[in-house]
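Single-structure report; data block below.
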There are 2 protein chains.
Amino acid sequence: MQRLNSGDAGFGERLQALLAFETAQDPTVDERVAAICADVKARGDAALIEYTNRFDRMQAASMAELTLGRDALEAAFLRLPEAQRAALSAAAGRVRRYHEKQLAHSWQYEDEDGTLLGQQVTALDRVGIYVPGGKAAYPSSVLMNALPAKVAGVGEIVMVVPTPGGERNDLVFAAAYIAGVDQVYTVGGAQAVAALAYGTETIAQVDKITGPGNAYVAAAKRRVFGVVGIDMVAGPSEILVICDGTTDPDWIAMDLFSQAEHDEIAQAILLCPDAAYLDAVAASIERLLPSMPRRDIIAASLANRGALVQVTDLDEACRIANYIAPEHLELSVADPEAWLPALKHAGAIFMGRFTSESLGDYCAGPNHVLPTSRTARFASPLGVYDFQKRTSLIRVSREGADRLGRIASVLAHGEGLTAHARAAELRLTQAD
Amino acid sequence: MQRLNSGDAGFGERLQALLAFETAQDPTVDERVAAICADVKARGDAALIEYTNRFDRMQAASMAELTLGRDALEAAFLRLPEAQRAALSAAAGRVRRYHEKQLAHSWQYEDEDGTLLGQQVTALDRVGIYVPGGKAAYPSSVLMNALPAKVAGVGEIVMVVPTPGGERNDLVFAAAYIAGVDQVYTVGGAQAVAALAYGTETIAQVDKITGPGNAYVAAAKRRVFGVVGIDMVAGPSEILVICDGTTDPDWIAMDLFSQAEHDEIAQAILLCPDAAYLDAVAASIERLLPSMPRRDIIAASLANRGALVQVTDLDEACRIANYIAPEHLELSVADPEAWLPALKHAGAIFMGRFTSESLGDYCAGPNHVLPTSRTARFASPLGVYDFQKRTSLIRVSREGADRLGRIASVLAHGEGLTAHARAAELRLTQAD
């Protein structure tokens with residue numbers, strides 16, 4: 001694991017190199033995805049079933065075999081051990097309550113000459129959630145994608161999840177049940193994205209697709225963007241911890257692990273003004289690592305992209321954090337509120353020693369789908385606002401048409417758009 | 001201009017064919033754009049100046065010659081005729097006031113066991129506005145892109161606008177002055193987008209780029225997306241008019257013209273239950289067209305993509321409008337409010353006979369950058385929300401860490417993520 005010091009010459013360059021990450025867009029992947037999407041668009045269910053049987057080692061004869069309704073989802077929920085049922089329900093309740101605060105509402109007002117202006121907020125009609133299959137099938141992702149859509153008032157939520165070799169994950173179906181998903185199709189890959197985007201005989205076209213996936217899924221989402229809405233294509237997961245040097249070093253080591261265990265290219269960085277504390281965390285890492293089931297992934301991630309960084313003080317740590325704009329920012333300090341005004345760019349901020357990032361992944365309430373790779377400079381967590389949209393409302397009175405028409409006429413003529421000007425002028429009512 | 005009837009066999013297919021529009025992504029354009037972007041990223045100002053001199057027939061020796069500060073913008077404003085100054089100022093004031101209603105604010109709350117949850121809303125640091133040059137240089141676009149950023153509290157707003165052959169448009173610079181743009185660079189094309197996205201010696205990297213452009217600009221924006229945020233890539237402009245058959249047919253004809261005059265592939269459609277009224281509008285079109293300076297563009301647009309559609313009644317018109325999800329929807333009927341609940345998908349709704357769409361283009365207040373090509377099903381007008389972003393806040397108490405930690409632990413073990421579980425378990429404080 002790298003050890004950096006913000007006072008060293010070349011620190012800026014080393015930090016930049018540490019953060020550098022380019023999503024490789026493999027042209028072979030793109031070509032195969034283009035062919036699959038075109039085929040599903042043209043042949044619908046037949047193509048979807050063929051690709052599913054081929055890529056997921058299935059023997060489905062019809063879409064009915066690949067479809068689960070609410071009853072089947074409920075059955076999966078009821079099959080779970082009581083502790084898991086309770087934990088899922090508690091997490092869903094907290095996530096739902098937080099997201100309810102995000103609901104936007106329509107508004108309108110009239111100005112002085114009776115012109116009505118407003119913004120009508122409506123939910124999307126149909127949303128498709130993509131959930132990866134196999135070992136990376138995360139029920140928490142189901143909650144985090146489906147609940148904001150549900151809270152927004154989306155009319156119908158469908159979910160796709162591949163079941164390679166026919167292996168079904170009850171936790172994922174149970175999460176879909178709790179989150180209010182209407183229908184699940186056990187299909188995945190580019191073919192599932194294409195089916196949602198274009199529609200097939202059995203799957204109705206959706207308006208937006210959200211959720212993580214592999215390179216094929218990401219390429220397919222990029223391809224269908226515009227036909228439907230998509231969420232952001234996520235990069236590797238990241239955590240930045242700012243610590244004042246008095247949190248139990250084991251806690252911080254485990255927080256770094258919990259990010260690193262996702263992926264060899266995940267990123268875990270600690271900023272602290274106290275060199276001795278960085279040593280202590282390094283010792284904790286060494287001692288705790290062998291006990292972790294995913295120690296190989298963790299070790300690779302920390303070696304590749306991790307760093308322990310000594311900073312001058314916490315002010316400097318905040319400036320570095322703003323530059324990094326991390327997905328997850330842990331503020332493991334005595335008075336986290338005091339540093340909040342200095343922090344501008346982050347997906348989520350975990351304040352205080354007791355707030356481990358992993359609570360946010362599951363049940364604190366806020367969404368765990370967060371902007372990665374410095375995109376928190378301009379992007380937000382997934383939220384209810386991603387499943388609502390706005391329509392502007394304008395109604396001018398006879399008087400308003402006269403007053404506004406004169407302004408529009410001058411500007412339209414200035415742009416050389418005579419029909420624009422004439423449309424306004426026809427509605428003038430006052431003699432000049 | 002096509003004449004359709006919703007009662008005819010095959011109407012659905014004909015409507016779909018009328019709406020069909022695919023943005024061709026020319027691979028040659030993509031390759032050239034990739035090379036330009038890589039070159040500007042590597043060589044900065046030098047490359048930017050070279051491309052500008054070559055593509056825009058300029059002889060600039062340094063970036064200083066391509067830079068306008070606030071003083072130069074103010075001078076352009078003061079050079080305008082009084083009527084234009086007044087119209088620009090009035091439009092800017094109305095647009096600013098409408099957008100101020102869109103400002104989102106931070107919030108937080110504490111739940112029963114002292115867990116603080118919240119959402120911190122902050123503005124983007126730096127935004128770049130792209131403005132096309134030459135004949136399509138629209139001062140209204142400057143207002144509509146820059147003012148929402150200004151209202152959001154963006155720290156710095158820079159603008160790029162090409163000046164082919166050195167020809168500068170005072171109206172565009174004046175609009176930049178009024179909207180609060182900090183700096184203008186007279187560069188354009190893919191090279192300008194790359195300069196904003198990656199930064200050069202004189203142009204600091206921005207966080208988001210908005211504004212329309214040609215195929216090269218659109219390809220460059222798609223390419224740099226992820227490094228910076230971008231707005232949507234717009235398709236051709238569209239209007240859908242629903243009329244009850246009692247508005248002056250000349251008004252409706254001119255409203256259709258005002259959309260059609262943008263572009264040969266712009267779309268103007270009228271829905272009305274009254275066949276005689278459709279005849280009257282057709283007659284108005286024929287009579288008024290010869291007087292329009294842009295009659296060739298209007299005629300091509302109406303012939304290619306326009307339609308007069310007879311519907312059964314206004315209920316059916318609303319259902320068709322929801323399917324089309326038009327950029328601009330004119331509700332030219334006696335009681336427009338009555339139909340609002342039936343309308344779900346549109347960029348902006350212009351209510352009542354006096355509300356010509358062109359008022360919305362310039363000065364009603366709402367934004368004229370709107371979702372096109374049926375994307376109003378999931379997308380919104382450009383707004384202040386495009387220049388703000390959210391950060392989730394979580395602070396759990398010692399008690400909260402215990403209660404939430406137990407939930408997180410069960411779910412993390414269910415996902416096979418042991419470090420996630422251990423990070424939560426280390427913070428448990430209650431004996432079991």
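The values are calculated or read from the model by the stated rules, or taken from the named source; none is laboratory data. Note that the coordinates shown come from a computational prediction; the quantities given were computed from them, not determined experimentally. In this analysis, Cβ positions are derived from the backbone assuming ideal geometry, glycine residues included, and neighbour counts consider all displayed protein chains.
Okay, residues lined up against (1) modelled with pLDDT of 95 or more; (2) more than 30 Å from residue A:202 (Cα to Cα); (3) part of a helix (DSSP H, G or I); (4) basic (Lys, Arg):
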site: A:4; (1), (2), (3), (4): yes, yes, no, no
site: A:9; (1), (2), (3), (4): no, yes, no, no
site: A:16; (1), (2), (3), (4): no, yes, yes, no
site: A:21; (1), (2), (3), (4): no, yes, no, no
site: A:25; (1), (2), (3), (4): no, yes, no, no
site: A:30; (1), (2), (3), (4): no, no, yes, no
site: A:35; (1), (2), (3), (4): yes, no, yes, no
site: A:40; (1), (2), (3), (4): yes, no, yes, no
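Test residue A:406 against the stated conditions and say whether it is in contact with a Leu (Cβ under 9 Å, 6 or more places away or on another chain), in contact (Cβ under 8 Å) with a residue 12 or more places away in the chain, not hydrophobic (A, V, I, L, M, F, W, C) and not in a helix (DSSP H, G or I).
It is false that residue A:406 is in contact with a Leu (Cβ under 9 Å, 6 or more places away or on another chain), in contact (Cβ under 8 Å) with a residue 12 or more places away in the chain, not hydrophobic (A, V, I, L, M, F, W, C) and not in a helix (DSSP H, G or I).
Which numbered condition trips up residue B:322, out of (1) in contact (Cβ under 8 Å) with a residue 24 or more places away in the chain; (2) polar (S, T, N, Q); (3) surrounded by fewer than 21 Cβ atoms within 10 Å (Cβ to Cβ)?
Of the numbered conditions (1) in contact (Cβ under 8 Å) with a residue 24 or more places away in the chain; (2) polar (S, T, N, Q); (3) surrounded by fewer than 21 Cβ atoms within 10 Å (Cβ to Cβ), the odd one out for residue B:322 is (1).
Among the residues of segment B:187-215, write down those that are surrounded by 21 or more Cβ atoms within 10 Å (Cβ to Cβ) and either in contact with a Cys (Cβ under 9 Å, 6 or more places away or on another chain) or closer than 18 Å to residue B:26 by Cβ (or both).
Matches in segment B:187-215: B:189, B:190, B:191, B:193, B:194, B:197, B:213.
Among (1) under 28 Å from the mean Cα position of the chain (by Cα); (2) crowded, with 18+ Cβ neighbours inside 10 Å; (3) not polar (S, T, N, Q), there is one condition residue A:63 misses while meeting the rest; what is its number?
Going through the list (1) under 28 Å from the mean Cα position of the chain (by Cα); (2) crowded, with 18+ Cβ neighbours inside 10 Å; (3) not polar (S, T, N, Q), residue A:63 breaks only (1).
Could you tell me whether any residue of segment B:357-370 is of a type outside the set (Val, Ile, Thr), touching a helix residue (DSSP H, G or I) at 6+ places or on another chain (Cβ under 7 Å), within 23 Å of residue B:17 (Cβ to Cβ) and within 11 Å of another protein chain (Cβ to nearest Cβ)? Even if it seems obvious, please write down each step before you answer.
If we filter segment B:357-370 for residues that are of a type outside the set (Val, Ile, Thr), which is where we start, we get B:357-368, B:370.
With touching a helix residue (DSSP H, G or I) at 6+ places or on another chain (Cβ under 7 Å) added as a condition, the list becomes B:357-359, B:361-368.
This time we only want the ones that are within 23 Å of residue B:17 (Cβ to Cβ), so: none.
Checked segment B:357-370: no residue is of a type outside the set (Val, Ile, Thr), touching a helix residue (DSSP H, G or I) at 6+ places or on another chain (Cβ under 7 Å), within 23 Å of residue B:17 (Cβ to Cβ) and within 11 Å of another protein chain (Cβ to nearest Cβ).
Do we have residue A:96 as exposed (fewer than 14 other Cβ atoms within 10 Å of the Cβ), part of a helix (DSSP H, G or I), more than 9 Å from chain B (Cβ to nearest Cβ) and at pLDDT 95 or above here?
For residue A:96, the condition - exposed (fewer than 14 other Cβ atoms within 10 Å of the Cβ), part of a helix (DSSP H, G or I), more than 9 Å from chain B (Cβ to nearest Cβ) and at pLDDT 95 or above - is not met.
Taking segment A:375-398 as the search range and keeping residues that are of a type in the set (D, E, K, R) and over 19 Å from residue B:388 (Cα atoms), which one is modelled with the lowest pLDDT? Let's see the steps before the verdict.
As a first pass, look at segment A:375-398 and keep what is of a type in the set (D, E, K, R): A:377, A:386, A:389-390, A:395, A:398.
Pick out the ones that are also over 19 Å from residue B:388 (Cα atoms) and you get A:395, A:398.
Working: A:395: 97, A:398: 91.
This residue is A:398.
For the structure I just gave you, tell me whether residue A:288 is assigned by TED's automatic domain parsing to the domain that holds residue A:15, closer than 26 Å to residue B:414 by Cα, part of a helix (DSSP H, G or I) and not β-branched (Val, Ile, Thr).
Against the criterion (assigned by TED's automatic domain parsing to the domain that holds residue A:15, closer than 26 Å to residue B:414 by Cα, part of a helix (DSSP H, G or I) and not β-branched (Val, Ile, Thr)), residue A:288 qualifies.
Select from segment B:219-236 the residues that are part of a loop (DSSP other than H, G, I, E, B) and small (Gly, Ala, Ser) and write down the one among them that is farthest from the other protein chains (Cβ to nearest Cβ).
By that ranking, first place goes to B:234.
Of the residues that sit in segment A:378-421 and are surrounded by fewer than 24 Cβ atoms within 10 Å (Cβ to Cβ) and charged (D, E, K, R), which one is nearest to the other protein chains (Cβ to nearest Cβ)?
A:395
Determine which member of the set A:143, A:117, A:171, A:78 is farther than 28 Å from residue B:117 by Cα and either within 9 Å of another protein chain (Cβ to nearest Cβ) or crowded, with 23+ Cβ neighbours inside 10 Å (or both).
Exactly one residue qualifies, and that residue is A:117.
Keeping to segment B:99-110, report how many residues are more than 8 Å from chain A (Cβ to nearest Cβ) and touching a helix residue (DSSP H, G or I) at 6+ places or on another chain (Cβ under 9 Å).
Here is the first cut: in segment B:99-110, the residues more than 8 Å from chain A (Cβ to nearest Cβ) are B:99-100, B:103-106, B:108, B:110.
Now narrow it down to the ones that are touching a helix residue (DSSP H, G or I) at 6+ places or on another chain (Cβ under 9 Å): B:99-100, B:103-104.
Number satisfying all stated conditions: 4.
From the list A:359, A:370, A:417, A:382, pick out the single residue that is in the same structural domain as residue A:324 (by TED's automatic domain parsing) and of a type in the set (A, V, I, L, M).
Values: A:370 fails: in the same structural domain as residue A:324 (by TED's automatic domain parsing); A:417 fails: in the same structural domain as residue A:324 (by TED's automatic domain parsing); A:382 fails: in the same structural domain as residue A:324 (by TED's automatic domain parsing).
None of the others qualify; the one that does is A:359.
Would you confirm, using the coordinates I've provided, whether residue B:117 is of a type in the set (A, V, I, L, M) and either outside any helix (DSSP H, G or I) or within 30 Å of residue A:94 (Cβ to Cβ) (or both)?
yes
Please go through segment A:254-277 and give me each residue that is buried (at least 24 other Cβ atoms within 10 Å of the Cβ) and either over 30 Å from the mean Cα position of the chain (by Cα) or in a helix (DSSP H, G or I) (or both), ordered by number.
A:254, A:255, A:256, A:257, A:258, A:259, A:260
What are the pairs, 6+ residues apart or on separate chains, where a residue within segment A:157-177 that is in contact (Cβ under 8 Å) with a residue 60 or more places away in the chain and assigned to a helix (DSSP H, G or I) has its Cβ under 6 Å from a residue that is among the basic types (Lys, Arg) and surrounded by fewer than 24 Cβ atoms within 10 Å (Cβ to Cβ)?
Filtered contacts from segment A:157-177: A:165/A:57; A:170/A:79.
Tell me, yes or no, whether segment A:90-101 has at least one residue that is in contact (Cβ under 8 Å) with a residue 24 or more places away in the chain and at positive phi.
no
Looking at residue B:372 and the list (1) buried (at least 24 other Cβ atoms within 10 Å of the Cβ); (2) modelled with pLDDT of 95 or more; (3) not in a helix (DSSP H, G or I), which single condition is not satisfied?
It fails just one condition, (2).
Can you tell me which residue in segment B:333-352 is surrounded by the fewest Cβ atoms within 10 Å (Cβ to Cβ), limited to those that are within 11 Å of another protein chain (Cβ to nearest Cβ) and touching a residue at least 24 places away in the same chain (Cβ under 8 Å)?
B:343
Being at the interface with chain A (Cβ under 7 Å from one of its Cβ atoms) and in contact with a Gly (Cβ under 8 Å, 6 or more places away or on another chain) is the filter here, so list the residues in segment B:422-432 that pass it.
B:424, B:427 - these are the residues of segment B:422-432 that are at the interface with chain A (Cβ under 7 Å from one of its Cβ atoms) and in contact with a Gly (Cβ under 8 Å, 6 or more places away or on another chain).
Which count do you get for residues in segment A:183-202 that are touching a helix residue (DSSP H, G or I) at 6+ places or on another chain (Cβ under 7 Å), more than 14 Å from residue A:76 (Cβ to Cβ) and either in a loop (DSSP other than H, G, I, E, B) or modelled with pLDDT under 95 (or both)?
Of the residues in that region, 4 qualify.
Would segment B:269-284 turn up any residue that is without any contact (Cβ under 8 Å) to a residue 60 or more places away in the chain, among the charged types (D, E, K, R) and at the interface with chain A (Cβ under 10 Å from one of its Cβ atoms)?
no
Name the single residue, out of those in segment B:212-253 being among the aliphatic types (A, V, I, L, M) and touching a Gly at 6+ places or on another chain (Cβ under 9 Å), that is farthest from residue B:287 (Cα to Cα).
Here the answer is B:228.
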